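Structure record follows, encoded as structure tokens.
The values are calculated or read from the model by the stated rules, or taken from the named source; none is laboratory data. Bear in mind the structure is a predicted one, so any value in this text is a computation, not a measurement. Here the Cβ positions follow ideal geometry from the backbone for every residue, glycine too, while neighbour counts run over all protein chains shown. Note: accessible area is taken over every heavy atom of the protein model, side chains too, but ligands, DNA and RNA are not part of it. Shrake-Rupley method; radii C 1.70, N 1.55, O 1.52, S 1.80 Å.
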Amino acid sequence: MAAKVVTVTSGKGGVGKTTTTANLAVALACQGQKVVCIDGDIGLRNLDVVLGLENRIVYDLVDLVEGRCRLRQAMIKDKRIPELYLIPAAQTRDKSAVSPSDMVRLCDEIRPEVDWILIDSPAGIERGFRNSIAPADIVLVVTNPEVSAVRDADRIIGLVEAEEKGPARLIINRVNPVLTKRGDMLDPDDVLELLAVELIGIIPEDESVVVSTNRGQPVAFEGTSKAGVAFRNVARRLQGEQVPFLNLQENNNGFFGRFTRLLKPGRV
Amino acid sequence: MKTNSKSADEAKERLKLVLIQDRTNLTPGQLEAMKNELLEVISRYVEIDPKAVSIFMDQEGREQRLVADIPLKPAASRRRTR
């Protein structure tokens, strides 16, 4: 195996990077892939709680990089799925404890063992972001359909290009179909036109994401929620499958109807 | 077309402008100053009508380009006005 390294980043905080990373990891693992996710947010770790693995942490990323444990010891195995692992961030250190070349070295060590390495980048454009994109083969930029998130996404897409890690692929998260239809939320097509990058996912705003995060059980685990299906579609697109997007232009028999139809599990 | 009733349309227009500023690292003031200097230089060689000039930033994919449309006054009329 030679893993692909996928970094999930955004510039702006709170747009859903960690939720996206957790759900893509779960979706890929449920689709039979071997996945390691790395929390790149040293000092503000959260991927562990979103995945529901916070009580199982012994060693973290900084322990691993500084040689206090072996790779296997720092990889927390998710017992719900056969091949999903988490390397948590350190909580009591800062970003400077790890360098971009540490991240490249670590990923090179993991690559032969798995199919996918997902890195949850911290917000911002500083060291933590640099660390997270250094080993990336694919960069996913998460944004929301609102002005500040789109602006920051544009900045990040430019930086990813400058680092020769581009072209980044875009995930538009928390799309509210009612607001979009009313003309009070940027349409995914508008966001795409502004940012001019390849789209890999449109995730509808979905209460079940809040509920699942409360429980530490990402929505991609279960079959019915719209966001869960949308995340699983992104995982399939990452594997090269052609999965159609919802078309927000056609609203002939109700936006929600179309939304639901297009997102129905099993429909490719 | 409805007259700017949709807030999403407003968001899109505002983003268009701010992304141009971010990508070029030019403030609207600097862009304006650049336009004025350009026109000044061009006027040294040919006669132009400042009101007919159009200079703006355009986006093609992720690339920005400065588009200038500067109609020149015909040489004949230039002679006459002199």
- Quick one: is A:T143 among the polar types (S, T, N, Q) and facing chain B (nearest Cβ under 10 Å)? no
- Query: Condition test on B:V18, is it of a type in the set (V, I, T) and within 14 Å of another protein chain (Cβ to nearest Cβ)?
  - Reply: yes
- Message: Just the residues that are of a type outside the set (K, R) and either open to solvent by 40 Å² or more (accessible area, probe 1.4 Å) or in a strand (DSSP E or B) (or both), please, taken from segment A:94-103.
- Response: A:D94, A:S96, A:P100, A:S101
- Which one of the conditions (1) over 27 Å from A:G52 (Cα atoms); (2) more than 13 Å from chain B (Cβ to nearest Cβ); (3) in contact (Cβ under 8 Å) with a residue 40 or more places away in the chain does A:V150 fail to meet, given that it meets all the rest? (2)
- Message: Out of everything in segment A:226-246 that is open to solvent by 50 Å² or more (accessible area, probe 1.4 Å) and assigned to a loop (DSSP other than H, G, I, E, B), what residue ends up being modelled with the lowest pLDDT?
- Response: A:F245
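Mind telling me which of the residues A:A134, A:A89 ends up being touching a Gly at 6+ places or on another chain (Cβ under 7 Å) and more than 12 Å from chain B (Cβ to nearest Cβ)?
Among A:A134, A:A89, only A:A89 is touching a Gly at 6+ places or on another chain (Cβ under 7 Å) and more than 12 Å from chain B (Cβ to nearest Cβ).
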- Could you give every pair whose Cβ atoms fall below 6 Å, whose first residue belongs to segment A:67-92 and is of a type in the set (S, T, Y), and whose second residue is modelled with pLDDT of 95 or more, counting only separations of at least 6 or pairs across chains? A:Y85/A:V36; A:Y85/A:M75; A:Y85/A:K77
- Query: Regarding B:S77, is this residue of a type in the set (S, T, Y) and modelled with pLDDT of 90 or more?
  - Reply: no
- Subset of segment A:173-202, residues within 13 Å of A:V141 (Cβ to Cβ) and either out of contact with any Leu (no Cβ under 7 Å at 6 or more places or on another chain) or open to solvent by 10 Å² or more (accessible area, probe 1.4 Å) (or both), comes to A:N173, A:V191, A:L192, A:A196, A:V197, A:E198, A:L199, A:G201
- Per the filter on segment A:188-206, residues within 14 Å of another protein chain (Cβ to nearest Cβ) and β-branched (V, I, T) are A:V191, A:V197
- Condition broken by B:D58, with the remaining ones in (1) part of a helix (DSSP H, G or I); (2) at pLDDT below 90 satisfied: (1)
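Out of the residues in segment A:207-225 meeting the condition of being among the polar types (S, T, N, Q) and open to solvent by 40 Å² or more (accessible area, probe 1.4 Å), tell me which one is nearest to the other protein chains (Cβ to nearest Cβ).
A:T213
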- Message: Of the conditions (1) open to solvent by 30 Å² or more (accessible area, probe 1.4 Å); (2) within 11 Å of another protein chain (Cβ to nearest Cβ), A:A168 satisfies every one except a single condition; which number is it?
- Response: (1)
- Message: Looking at segment B:31-38, can you tell me whether even one residue there is among the hydrophobic types (A, V, I, L, M, F, W, C), at pLDDT 90 or above, farther than 19 Å from A:L194 by Cα and exposed (fewer than 12 other Cβ atoms within 10 Å of the Cβ)?
- Response: no
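Does B:L26 satisfy being in a loop (DSSP other than H, G, I, E, B) and either more than 14 Å from chain A (Cβ to nearest Cβ) or at pLDDT 90 or above (or both)?
yes
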